[in-house]
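Since every read-out is calculated from the coordinates, none of them should be taken as a lab result. Given the structure is predicted, the values throughout are model-derived calculations rather than measurements. All Cβ positions, even for glycine, are placed from backbone atoms using ideal geometry, and neighbour counts span all protein chains on display.
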Amino acid sequence: MSDSKRIVGSSGVRKDKNTGTYTIQYYLLESELADYVPKVGDVAGWTPEAAYVSGVEKNELAPGYYILAIEAEPDENAGILGNAGNKITDRYEWKYEDRELYYPPKLWGVRRATKTDVAAGALNIYGNTAVEKDFIYKNYASDEELLGSAGYAESPFKAASHPPINLIGTKREWRHFIVVFYSEKSPKYLHRFHGVNGSFPAALEVYNGGVSGKWRLLRQELESYTNDGKEYVKVTRTFGYAWGALWDPVKCGGTWANWELGGTQED
């Protein structure tokens, strides 16, 4: 619904020059919200070109009075991908986020040296005589030179493609990929999704998405969702990227074989 008497600002519809996103705002009474609030994925009839609603925000100005802001993406915009039609199961909403990943010593089978280790003549991970609190390999005692070697039993990464040991004890930027889509499948099947990539839907064009083991599922949320009277499952998935390494599918729950239903290892 579009009513010029309710639109905030003389310019009406606004378009962001950088993203191509359209925005419109309405000044509404609380009793009018139900008539104006659209669903994500609905056709935006108020834009000068074919577009679909990508965001809705309600802000209360005073008791009973609201500003309703609606965003819409044109068909060619990458914010909503897939079929440009109105079928909700053909669209994806996604974003990348940068967070932090800590690299604990246990990833390399390393711990801090104690007085006992120093007395035993242990070498630190760099091959020098260890002093207290140096990083040493846990298995140094099994080595004639008392150096030992890296062990990856507690690491989620593949031993053959592992982060370098100079990252030990540091925090580094960690890229996350978050995607939302809608499924007609039963949640009892969707909940099985886990592990490292297999493959992503071609429409998503995920960075290095074709390299198995670069992305790992960190979290999945399933919610009921109704659109045009039909029930769907809203699926939100968060993936973490392996910089300079590969996730080990054996330790991370397997490799998913189907984008909706997951891999071969069940919960």
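Summary table below
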| read-out | value |
| --- | --- |
| Segment TYR96-ILE165, extension gain: residue separation times 0.36 nm, minus the distance between their alpha carbons | 22.2 nm |
| Rg and Dmax of the stretch 189-255, Cα atoms only, in Å | 13.8, 46 |
| Cβ-based exposure ranking for TYR189, TYR241, in which fewest neighbours within 10 Å come first | TYR189, TYR241 |
| Förster-model FRET efficiency, 35 Å R0, GLU30 and SER186, C-beta, rounded to 0.05 | 0.45 |
| Label of the coordinate-derived value, Rg/Rh (Cα atoms, Kirkwood Rh), listed as (1) 0.98; (2) 1.15; (3) 0.95 | (2) |
| THR236-VAL43 pseudo-label distance in nm [points 7 Å out on the Cα-to-Cβ vector] | 2.9 nm |
| The stretch 110-149: mean projected area of Cα convex hull, nm² | 2.1 nm² |
| Burial ranking of peptide ranges 164-170, 29-35 (average Cβ count within 10 Å, highest at the top) | 164-170, 29-35 |
| Packing-based ranking, highest mean first, of 66-73, 96-103 given that Cβ atoms within 10 Å are counted | 66-73, 96-103 |
